[in-house]
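Throughout, read-outs are computed from the coordinates displayed, never taken from laboratory work. No experiment lies behind these values; they were computed from the predicted model shown. When we count neighbours, we look across all protein chains shown, and the Cβ atoms used for this are built from the backbone with ideal geometry, even at glycine.
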Amino acid sequence: MIFVDSREASKAREIYRMLVDLLGEQVAVRKLDVGDYLLDGGEGVALVERKTITDLLNSMKPDETGRGRIWSQLDQLAELDSCEKILLIEGWMGIVRRVTEWNEASVYRLLESVQKAYGIPVVHTPDWKGTGCYLVAKYKSLKERKEPRDLRLRASSASMTEEEQALYLIEGLPRVGPALAKAMLKTYGSVKGVIDALAEKPTPLLRDEIARALGRKPPEPVIKHAKELVLKRIEPG
């Protein structure tokens, strides 16, 4: 199924109609708390946040928190670890230079930081038809994928480097993705350092320390959940 956020369905009617024309009953509208399109292909799941160039520029403007809205949206996406996340930018990027007063370089730097700091790929489409084509193709690929829904696959670590093995272990913590794992390892120096910090340091301090390597504060629920697991006494069955 492709679930289209109810607000998105009314705002991007052409895309919604195209999906229904091509996929029929495999398309449904519902309110999504995060993202615009939830692609559940049975063999894989992806959440797509779509932004036109205008949407992107508006979301970069500082809000009452002093940050652009896009950063809180990316924080919400980063908290999800059970699906693939994608930022889709629709439209011609040259419009930034031609008809706005935005610094074009700052837009490219933001998109680069999305991919590096959040580990979220950015897909560009020229218009709504391109977006519809991409969503259909992506959905079909998820139906064909022969792997578990948990996209952070816990494969054998035998052929990994020591750094990759360390990151593999840290990513085993709940809701800790690749970018956050790397920042935690850089901050505390070793797997033991990460575990000791989670066990001993308060959540606000952890978030402040990790932010220096991550470039932003990691979501509080993610750090709290990892901390709770490290401290929880578990009796194996």
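Comparing mean-square fluctuations of Leu22, Leu111, Leu87 from a GNM of the chain with C-alpha springs under 10 Å, the top value falls on Leu22.
In cubic angstrom, how much convex hull volume per residue do the alpha carbon atoms of the stretch 162-231 span?
Cα-based convex hull of the stretch 162-231, divided per residue, equals 69 Å³.
The GNM of the chain, with springs linking C-alpha atoms under 10 angstrom apart, assigns the highest mean-square fluctuation among Leu173, Leu185, Leu23 to Leu23. Here's how it looks for Lys85: its modeled amide H is under 5 Å from those of Leu47, which are all 5 or more places away or on a different chain.
The modelled label-to-label distance for the pair Ala137/Asp21, using points 7 Å beyond Cα in the direction of Cβ, is 1.8 nm.
Rg over Rh for the stretch 2-144 works out to 0.96, both radii taken from alpha-carbon positions and Rh defined as the Kirkwood radius. Along the chain, counting only GluC sites (Glu not before Pro) with a DSSP assignment other than H, G, I, E or B and at most 11 other Cβ atoms inside a 10 Å radius, the longest segment between sites is 102-237.
Taking every C-alpha pair closer than 8 Å and separated by at least 6 residues, the mean separation divided by the residue count of the chain gives a relative contact order of 17 percent. Each part reduced to its alpha carbon centroid, the stretch 192-215 and the stretch 44-95 end up 26 Å apart.
Between helix 220-231 and the chain there is an angle of about 30 degrees, using the helix long axis and the longest principal axis of the Cα atoms.
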